[in-house]
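Q: So that we are looking at the same thing, I have put the structure below in structure tokens.
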Ligand code: BG6
Ligand code: MG
């Protein structure tokens, strides 16, 4: 990929930054947790954000003090994903979070490289449903990494593919796992959402209405 050294590369998370699919993950995991008589709280859910499917189930088993066979583990992963995908049946362009589409278009027009790093293995499917897959120069998702957020592997891959040093990357994240991962390798982090959960981010914004391209001028 051609280097655009003077402009920071923007790396977007998907769930909770581009579209509000986090609520569907939460509902689907709640049902899994209830099998172990465990009520998944919003606090628990904050810790699941940005975390892979496998690691999420491991956390739920730990919280509910449960042990299951490998076969059962695989079955619960599949059942959770089936429930989650069913909830996405009607997902479309109207589910893009306010302001983010306009921000990406503006950034593209101003020569910024646009990248995605999502822990989700459903990322391509979701981007296609939202009809924005072509807006991304670089896409990295849960299928491309061996270690999920808070490990920085996916951000490292995205930076490499964008031909951009991590110090020239700005990451938009709604999860503390994602912010921790990107901070670890010296990327600038913008937390999208609740200030309490994202206190380690370089900057925190409620949404993209509060963010302008000029804020990232070199
Ligand atoms: C992340 C979400 O983007 O993807 C997590 O924040 C989710 O909640 C993870 O568990 C994995 O998603 P999927 O779609 O592969 O189950
Ligand atoms: Mg997210």
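The values are calculated or read from the model by the stated rules, or taken from the named source; none is laboratory data. Every value quoted in this text rests on a predicted model; they were computed, and no experiment measured them. Cβ: placed from backbone, ideal geometry, glycine included. Neighbour counts: every protein chain shown.
Q: What are the pairs with Cβ atoms under 6 angstrom where one residue, in region 9-24, is more than 10 Å from ligand 2 (Cβ to nearest atom) and the other, located anywhere, is assigned to a loop (DSSP other than H, G, I, E, B)? Sequence gap at least six, or different chains.
A: Qualifying pairs under 6 Å: 9/113; 9/162; 9/164; 10/112.
Q: Sticking with this one: Scan region 168-187 and report the pairs whose first residue is surrounded by fewer than 20 Cβ atoms within 10 Å (Cβ to Cβ) and whose second residue is part of a helix (DSSP H, G or I), with Cβ atoms within less than 8 Å and a gap of 6+ or a chain change.
A: Filtered contacts from region 168-187: 185/155; 185/156; 185/159; 185/166; 186/166; 186/167.
Q: Then there is this: Regarding residue 43, is this residue over 21 Å from residue 85 (Cα atoms), in a helix (DSSP H, G or I) and without any contact (Cβ under 8 Å) to a residue 12 or more places away in the chain?
A: It is true that residue 43 is over 21 Å from residue 85 (Cα atoms), in a helix (DSSP H, G or I) and without any contact (Cβ under 8 Å) to a residue 12 or more places away in the chain.
Q: Do we have residue 50 as under 21 Å from residue 206 (Cα atoms), within 16 Å of ligand 1 (Cβ to nearest atom) and either surrounded by 14 or more Cβ atoms within 10 Å (Cβ to Cβ) or at pLDDT below 95 (or both) here? Break it down into steps so the answer makes sense when it comes.
A: Working: under 21 Å from residue 206 (Cα atoms): yes; within 16 Å of ligand 1 (Cβ to nearest atom): yes; either surrounded by 14 or more Cβ atoms within 10 Å (Cβ to Cβ) or at pLDDT below 95 (or both): yes.
Yes.
Q: Say we look at region 148-167 and pick out the residues that are more than 25 Å from residue 45 (Cα to Cα) and in contact with a strand residue (DSSP E or B) (Cβ under 6 Å, 6 or more places away or on another chain); which of these is surrounded by the fewest Cβ atoms within 10 Å (Cβ to Cβ)? Reasoning before the result, please.
A: To start, the set of residues in region 148-167 that are more than 25 Å from residue 45 (Cα to Cα) comprises 156-167.
Restricting the remaining residues to those that are in contact with a strand residue (DSSP E or B) (Cβ under 6 Å, 6 or more places away or on another chain) gives 157-159, 161-162, 164.
On the way: 157: 16, 158: 27, 159: 28, 161: 18, 162: 24, 164: 25.
Within region 148-167, the match that is surrounded by the fewest Cβ atoms within 10 Å (Cβ to Cβ) is 157.
Q: Separate question: In this structure, does residue 82 turn out to be surrounded by fewer than 16 Cβ atoms within 10 Å (Cβ to Cβ) and either in contact with a helix residue (DSSP H, G or I) (Cβ under 9 Å, 6 or more places away or on another chain) or on the phi < 0 side of the Ramachandran plot (or both)?
A: Values: surrounded by fewer than 16 Cβ atoms within 10 Å (Cβ to Cβ): yes; either in contact with a helix residue (DSSP H, G or I) (Cβ under 9 Å, 6 or more places away or on another chain) or on the phi < 0 side of the Ramachandran plot (or both): yes.
For residue 82, the condition - surrounded by fewer than 16 Cβ atoms within 10 Å (Cβ to Cβ) and either in contact with a helix residue (DSSP H, G or I) (Cβ under 9 Å, 6 or more places away or on another chain) or on the phi < 0 side of the Ramachandran plot (or both) - is met.
Q: Tell me, yes or no, whether region 79-98 has at least one residue that is outside the structural domain of residue 165 (by TED's automatic domain parsing), more than 19 Å from residue 127 (Cα to Cα) and within 14 Å of ligand 1 (Cβ to nearest atom).
A: yes
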